[in-house]
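Worksheet: the structure to be examined is printed underneath.
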Amino acid sequence: MAKEQTGLIESVKNGIVSAIKGTGDVASAVADAVSKTVVTTLHGIGDIATSLVGTTSAVAQGTIQAVMEVGGDLGLAAKGIILGVLRGTKEAGAATFETISQTAGAIIKSTAKVGGDLGTAAKGLVEGAIEGAKELGLDTMEAASAAATGALKGAGEIGSEAGEKVRNALTGTIAGVKVVLKEPFAKQPSPKS
């Protein structure tokens, strides 16, 4: 891992720990800290698309580590991460459904690394995507689907058991929105020659 990426993870982690201890409100503390970090990190960078993936991954990892350290709710943390990333990328002019999907995958992978509950994290990130979509005027069903698909893809990279936990947590309606799972890792049949 690059030195600046490690520094960003530690910086986010320390900021989140302080914010949670100060307010006790995990989702708001995380959303505010993540949004500020994303805006600051992306400001003045030429290739926002490339830096956005690395930034959101580092932010997710640092946040999940911080929440686990203080014994916070992973579902609220995941929700806060998505909200913060959407708010921050909106300010940088880069908020998209792809951002939601990539962030969701990073959250699931970071949650797995620290032994957190993948189902709780997955549900929280879909709730955050829906709330963020409402704030930004995006389609809530598309945002929920992007978050669910990203979470499923991240879980699929971990293993089939992780994929099953995430799929089970995301089946049905969350925060009043029907979640449509798109299996990102299902192989398409190859044409026979």
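Read-outs: derived from the displayed coordinates by stated rules, not from any lab. Here the structure is a predicted model, which is why all the values come from computation and not from measurement. For neighbour counting, all protein chains shown are included, and Cβ atoms are generated from backbone atoms with ideal geometry for every residue, glycine included.
Filter the stretch 107-122 down to the residues that are surrounded by 24 or more Cβ atoms within 10 Å (Cβ to Cβ) and of a type outside the set (Val, Ile, Thr) and list them by number.
Taking the stretch 107-122 as the starting set, the residues that turn out to be surrounded by 24 or more Cβ atoms within 10 Å (Cβ to Cβ) are 107-108, 110-111, 118, 121-122.
Matches in the stretch 107-122: SER110, LEU118, ALA121, ALA122.
Which is farther than 22 Å from VAL53 by Cα and in contact with an Asp or Glu (Cβ under 7 Å, 6 or more places away or on another chain), of ALA133, ALA175, ALA169?
Answer to the check: ALA175.
Just name the residue that is surrounded by the fewest Cβ atoms within 10 Å (Cβ to Cβ) out of those in the stretch 164-186 that are in contact (Cβ under 8 Å) with a residue 12 or more places away in the chain and part of a helix (DSSP H, G or I).
Taking the candidates together, the pick is ASN168.
Looking at ASP139, ASP117 in this structure, which one is in contact (Cβ under 8 Å) with a residue 12 or more places away in the chain and not aliphatic (A, V, I, L, M)? Let's see the steps before the verdict.
Details: ASP139 fails: in contact (Cβ under 8 Å) with a residue 12 or more places away in the chain.
Among ASP139, ASP117, only ASP117 is in contact (Cβ under 8 Å) with a residue 12 or more places away in the chain and not aliphatic (A, V, I, L, M).
Answer with yes or no whether GLY116 is touching a Leu at 6+ places or on another chain (Cβ under 6 Å) and part of a loop (DSSP other than H, G, I, E, B). Steps first, please.
On the way: touching a Leu at 6+ places or on another chain (Cβ under 6 Å): yes; part of a loop (DSSP other than H, G, I, E, B): yes.
The answer is yes for GLY116.
Kindly provide the set of residues from the stretch 131-146 that are part of a helix (DSSP H, G or I) and surrounded by fewer than 24 Cβ atoms within 10 Å (Cβ to Cβ), ordered by number. Explain how you work it out, then say what you get.
Step one: list which residues in the stretch 131-146 are part of a helix (DSSP H, G or I), which gives 131-136, 140-146.
Correct list: GLU131, LYS134, GLU135, LEU136, THR140, MET141, GLU142, SER145.
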